[in-house]
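Worksheet for the structure shown next.
The values are calculated or read from the model by the stated rules, or taken from the named source; none is laboratory data. Note that this is a predicted model, so its numbers are computed, not measured. Counting neighbours? That spans all protein chains shown, and the Cβs are built from the backbone with ideal geometry, glycine included. Note: accessible area is taken over every heavy atom of the protein model, side chains too, but ligands, DNA and RNA are not part of it. Shrake-Rupley method; radii C 1.70, N 1.55, O 1.52, S 1.80 Å.
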Amino acid sequence: MSFTGIFHFFTNSPCDAAEPWQLGSQDAATPMMQGIIDLHHDIFFFLILILVFVSRILVRALWHFHSKKNPIPQRIVHGTTIEILRTIFPSIIPMFIAIPSFALLYSMDEVVVDPAMTIKAIGHQWYRSYEYSDYNSSDEQSLTFDSYTIPEDDPELGQSRLLEVDNRVVVPAKTHLRIIVTSADVPHSWAVPSSGVKCDAVPGRLNQISISVQREGVYYGQCSEICGTNHASIVVEAVSRKDYGSRVSNQLIPQTGEA
Amino acid sequence: MAKIKCMVRPALHLTAPRDPPPPPPTAQQYLKSQYHLEKEQLNTASKPVEEVVVPDSATEAVKEAVTAEVEESSSTPESSETPDAASGESSETPVAASSDSSESPDAASGKSSETADASSEESSEAGESITAATEGSSEITEKDNVGEPEAEETPGIKLETAPADFRFPTTNQSRHCFTRYVEYHRCIAAKGEDAPECDKFAKYYRSLCPGEWVDRWNEQRENGTFPGPL
């Protein structure tokens, strides 16, 4: 176990984890996350426009109609033009926000192509087990391993506290993945911010998410459901397709042999 | 769906303008192709257009299979001998099949629809043999991997899993898994244990269902308390 940890540390440095005082999103690893970031920027354009406009009106009103400057209050109660304008414009702006938002929402939901592989992520209190069952030829034989968060007091040098796990999920990059998320006890969730995925793990139900990691790297996530004291971490390691084959055949099978 | 339409169109051009454009493959056709229903049913369909469409789509499928195979083999240069041999075999057969059926639309436009019929059967058979070959090769690689995990880097793992099913388009895939499990056991019941047609259903449900669920259902089947329609 510790050997694999050292191995991971020397091969990949954790660059897709949360940073202290981070304000923006993590770098996108999937087209989905890229879409989310773009939508965020789109919406922020309108947000700032509205913010500036509203605060200008507010400050202007406070300034010009202050009791000392303007002791006799105005008695205007109707203004047809301004009422039409302030009804129509606020109803158009949400449209500009809603259209890209729905487009993104439904494109994320849709499974466009047949996935190339299926990974089952099963939440437990408090670890995750992953099953790679595409290569099985019987019900008994299965490529299953558990993934525990490395405890607070013994991460290796350079590992992130309460973020690193002992066995990472190895996935091929640039491949359509189907991840079946479920739980064995209480509701958990499976979330990896840089892949733009957050999916509840509900016992007795299989939730499907499809992602396609575009670049090789190590991606960190955490359980996003209140599942108990030790929210388990999620670490996805994307490797090239060729490396994936050798990793699956060399690394994962001996580990399942131990377990 | 859009992909299938694109495949249908050239066949239309080749055949004749007399026939109305063929409908996109219906759910029934999809199910037929998926469940190995009798070939005769497909061939004796009333419209002659469909018959001509069948070989074309079959060849497309064959080509896709071949390209996939080629990609696999090109991405895995240091693979062991057996999968190479298997891929070599399978890459040889489809060439013949595609040439066969590429002739067929011409023949169909010139002569009767019987030739198209025959060629369609041929090409579909060829497709089946290829899939069988690929399955065989994947099994072989699997055995290799299990047998000698650290001997040499054999990236001979085939990236293949249960396809997206139009019956289960939602995020919730629980029924997808359950249905595949039931389908497998109904298939076994109908065609006997070790029927090769049932293997893919086994692959699908193993890909989709958590091992724990499968174990529980197996136990329930043994006890006769399985809640599904077996």
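If the condition is being among the hydrophobic types (A, V, I, L, M, F, W, C), surrounded by 23 or more Cβ atoms within 10 Å (Cβ to Cβ) and touching a helix residue (DSSP H, G or I) at 6+ places or on another chain (Cβ under 7 Å), then the stretch A:172-196 contributes only A:ILE180. Scanning the stretch A:186-211 for residues that are within 25 Å of B:PRO169 (Cα to Cα) and over 13 Å from the mean Cα position of the chain (by Cα) returns A:PRO187, A:HIS188, A:ALA201, A:VAL202, A:PRO203, A:GLY204, A:ARG205, A:LEU206, A:ASN207, A:GLN208. Residue pairs whose Cβ atoms lie under 7 Å apart, separated by 6 or more positions or on different chains, with the first residue in the stretch A:222-234 and open to solvent by 50 Å² or more (accessible area, probe 1.4 Å) and the second among the basic types (Lys, Arg), are A:SER224/A:LYS198. Say whether the condition of being within 16 Å of A:TYR127 (Cα to Cα), at pLDDT below 85 and hydroxyl-bearing (Ser, Thr, Tyr) is met by at least one residue in the stretch A:150-160. Among the residues of the stretch A:150-160, not one is within 16 Å of A:TYR127 (Cα to Cα), at pLDDT below 85 and hydroxyl-bearing (Ser, Thr, Tyr), which makes the answer no. Taking the numbered list (1) modelled with pLDDT under 95; (2) in a helix (DSSP H, G or I) in turn, A:LEU51 passes all entries but (1). Taking helices (runs of 4 or more DSSP H) as the structural unit, those lying wholly within the stretch B:173-230 and holding at least 2 residues that are away from chain A (no Cβ under 14 Å) correspond to B:174-191. In the stretch A:115-129, of all residues being among the polar types (S, T, N, Q) and open to solvent by less than 50 Å² (accessible area, probe 1.4 Å), the one that is farthest from A:TYR148 (Cα to Cα) corresponds to A:THR118. A count restricted to the stretch A:1-48 and to residues that are at pLDDT below 65 and in a loop (DSSP other than H, G, I, E, B) stands at 5. Scanning the stretch A:64-114 for residues that are within 21 Å of B:THR171 (Cα to Cα), open to solvent by 100 Å² or more (accessible area, probe 1.4 Å) and either in a loop (DSSP other than H, G, I, E, B) or touching a residue at least 60 places away in the same chain (Cβ under 8 Å) (or both) yields A:GLU110, A:VAL112. Residue count for the stretch A:231-259 satisfying the condition of being within 18 Å of A:ALA18 (Cα to Cα) and modelled with pLDDT of 75 or more: 6. Scanning the stretch B:140-150 finds no residues that are aliphatic (A, V, I, L, M), open to solvent by 20 Å² or more (accessible area, probe 1.4 Å) and at pLDDT 85 or above.
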